[in-house]
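Undergrad: Just passing along the structure, written as structure tokens.
The values are calculated or read from the model by the stated rules, or taken from the named source; none is laboratory data. On a predicted model such as this, the values are computed, not experimentally measured, just so you know. Cβ coordinates were reconstructed from backbone atoms using ideal geometry, including for glycine residues, and neighbour counts include every protein chain displayed. Just so you know, the surface numbers come from the protein's heavy atoms only, side chains and all, with ligands and any DNA or RNA stripped out. Shrake-Rupley method; radii C 1.70, N 1.55, O 1.52, S 1.80 Å.
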Amino acid sequence: MSTKKLTTAQGNPYFEHQDSQTVGPRGPVLLQDYLLQENLAHFVRERIPERVVHAKGSGAYGQFTVTHDISAYTKAKLFSKIGNTCTTFTRFSTVGGEKGSADTVRDPRGFATKFYTEDGNWDLVGNNTPVFFIKDAKKFPDFIHTQKRDPKTNLKSHTSIWDFWSLNPESLHQVLILMSDRGIPDGYRYMNGYGSHTFSMTNNENQKFWVKFHLKSEQGIRNFIDDNAIRVAGENPDYAQEDLCKAIENGDFPKWKMYIQIIKEEEAKEFRWNPFDVTKVWPHSEFPLLEVGVLELNEMPNNYFTHVEQAAFSPSQIVDGIGFSPDKMLQGRIFSYPDAQRYRLGVNYHQIPVNSCPMGYSNYQRDGAMALNPAGSAPNYHPNSFDAIKADESYQQKAYEINNSHVDFYNRNETDDDHYTQPGLFYSKVLNTEEKERLVKNIVDHMSKISGDLREEIINRQLCHFFRANIELGMKIAMGLQINIDANAMNHSKK
Ligand code: NDP
């Protein structure tokens, strides 16, 4: 171990780290002991704002390798050749809990990866579920309020959660997945990741495709059942962090295969669901998964705060060949994620090493808090006669038309309001008998904690949704909650 001199933050060597400077051995402390002040002042500024969602997380560096040719769909340089690789940084997280909350809770998991590509950084900021609770970002703050703490009791409120869900039936698909076995993954290695939103891809012929991304765990899927999750939350609330650290430190590098689903522009117009609705999947049978490559996590960062806490992801970070779609949740996140990072880390968050593009950047943004100003003395305005920065028109995105429409506030049409068919298929087709039983038990346990004057009203409203998705599912949950079902009411709910 090489010896270093102890210094102040300005590099001035100093000799005393234990005792403050005082007037006599028992006298008061002197204001001129600036080392004492520096230490105390820095200490009370160690915390930065916690992420309002996804506060508890784990992260690791890794590598993405292209194994299959998808250049027919995208001109993204990363995907131009089999064998291409790039460095990555992935952050996993729970969603609703605070930074110190337990890892083994029933909650979606964030699965965000930054690909440091030759065309700049590309962020795929998804979850471990292919769908989401709401399809419009306008509802997001209200939805998250119900997942956080009650304003009066400061407790999680099952009443608010189910009140919101029952008033927003578009949540049902995600609610069923959350209440199924996959609602509590066994750490982060044994779960899939999904880009969830619809994105677009453009190829070298300027043809446009709609795309969804899937990352399937090579470790397989493993979940906790409730009892074990509760036990582990008490014994080791940092279970998932420890699991990831140990695996990577032991050289057991976790891997995920990336797949895409593609819908052609013409097919999207015929699709029976809104292809830009994040509460819907694209059935595998109609839009098969196409293999793309493999993501391997192989390096734990040497400092958690520097790399994981300061990691800033945003779906707005796209690269040439990959673009957005009219998905309303995606559109909201394109604004909200960078906005959150500017609040949490400052306007120059892109200069923090984990977020910065390895090839650097060239533009006219300058100064602000913590600016490193890598452009130095170069002109800070455009156009100018001095620098050689050129806007490259070959990167221009193809214009596209959506239903010959105008921008407006549109009422949702009937097709978009089908919140029941896919959740029904999930229950009837995807889950086996034991999985169904556990799903029902999880929902019954969760809903039985709804309390207050509106308990009956909220339960009945949500039961109607379950019935509309699948009658057996509704019946079993009603029985579990000891609710008498009136056959007429049930038939009414099916209409
Ligand atoms: P498929 O039968 O082709 O796909 C079913 C998919 O469900 C599987 O491939 C798997 O996704 C996922 N799955 C399997 N078991 C569970 C479980 N216990 N909990 C949650 N997900 C599970 O049917 P469809 O494509 O027509 O989709 C039917 C339903 O499957 C959807 O409504 C959705 O709820 C669920 N699903 C569909 C996905 C899709 O992209 N089509 C992705 C994930 C879930 P995976 O292979 O990704 O592990």
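Undergrad: Give me the pairs: first residue in segment 75-91 and open to solvent by 70 Å² or more (accessible area, probe 1.4 Å), second residue part of a helix (DSSP H, G or I) and among the aliphatic types (A, V, I, L, M), beta-carbon distance under 9 Å, and six or more apart or on different chains, which are they?
TA: Here the result reads Thr85/Leu78, each pair linking segment 75-91 to a residue that is part of a helix (DSSP H, G or I) and among the aliphatic types (A, V, I, L, M).
Undergrad: Need the failing condition index for Ile230 against (1) within 16 Å of the ligand (Cβ to nearest atom); (2) assigned by TED's automatic domain parsing to the domain that holds Ile70, just the number.
TA: For Ile230, the exception is condition (1).
Undergrad: Condition first: of a type in the set (A, V, I, L, M, F, W, C), within 16 Å of the ligand (Cβ to nearest atom) and either open to solvent by 10 Å² or more (accessible area, probe 1.4 Å) or in a strand (DSSP E or B) (or both). Now tell me which residues in segment 114-138 satisfy that.
TA: Selection gives Leu124, Phe132.
Undergrad: So Tyr361 ticks every box in (1) out of contact with any strand residue (DSSP E or B) (no Cβ under 9 Å at 6 or more places or on another chain); (2) modelled with pLDDT of 90 or more but one. Which box is left unticked?
TA: (1)
Undergrad: Those residues that are in contact with a Phe, Trp or Tyr (Cβ under 8 Å, 6 or more places away or on another chain) and surrounded by 21 or more Cβ atoms within 10 Å (Cβ to Cβ), I need them from segment 214-253; list them, please.
TA: His214, Leu215, Ala240, Leu244
Undergrad: If I filter segment 446-456 for residues that are within 16 Å of the ligand (Cβ to nearest atom), in a helix (DSSP H, G or I), in the same structural domain as Gly480 (by TED's automatic domain parsing) and modelled with pLDDT of 95 or more, do I get at least one hit?
TA: Within segment 446-456, not a single residue is within 16 Å of the ligand (Cβ to nearest atom), in a helix (DSSP H, G or I), in the same structural domain as Gly480 (by TED's automatic domain parsing) and modelled with pLDDT of 95 or more.
Undergrad: Further question: Restricting the search to segment 254-310, which residues are out of contact with any Phe, Trp or Tyr (no Cβ under 7 Å at 6 or more places or on another chain), within 27 Å of Ile177 (Cβ to Cβ) and open to solvent by 50 Å² or more (accessible area, probe 1.4 Å)?
TA: Lys255, Lys257, Glu267, Glu270, Arg272, His284, Ser285, Glu286, Pro288
Undergrad: Among the listed residues Arg333, Arg342, which satisfies the condition of being within 30 Å of Glu205 (Cβ to Cβ) and assigned by TED's automatic domain parsing to the domain that holds Val125?
TA: After applying the criteria, what remains is Arg333.
Undergrad: When you go through Lys398, Lys441 one by one, which is the residue that is farther than 23 Å from Phe132 by Cβ, within 28 Å of the chain's Cα centre (by Cα) and at pLDDT 95 or above?
TA: Lys441
Undergrad: Name the residues in segment 174-203 that are assigned to a strand (DSSP E or B) and farther than 11 Å from Phe132 by Cα, would you?
TA: Pro185, Gly193, Phe199, Ser200, Met201, Thr202, listed by residue number.
Undergrad: Within segment 258-306, how many residues turn out to be in contact (Cβ under 8 Å) with a residue 12 or more places away in the chain and within 13 Å of the ligand (Cβ to nearest atom)?
TA: Count: 21.
Undergrad: Among (1) touching a Leu at 6+ places or on another chain (Cβ under 9 Å); (2) closer than 30 Å to His350 by Cα, which single condition is Pro383 missing?
TA: If we test Pro383 against (1) touching a Leu at 6+ places or on another chain (Cβ under 9 Å); (2) closer than 30 Å to His350 by Cα, just (1) comes out false.
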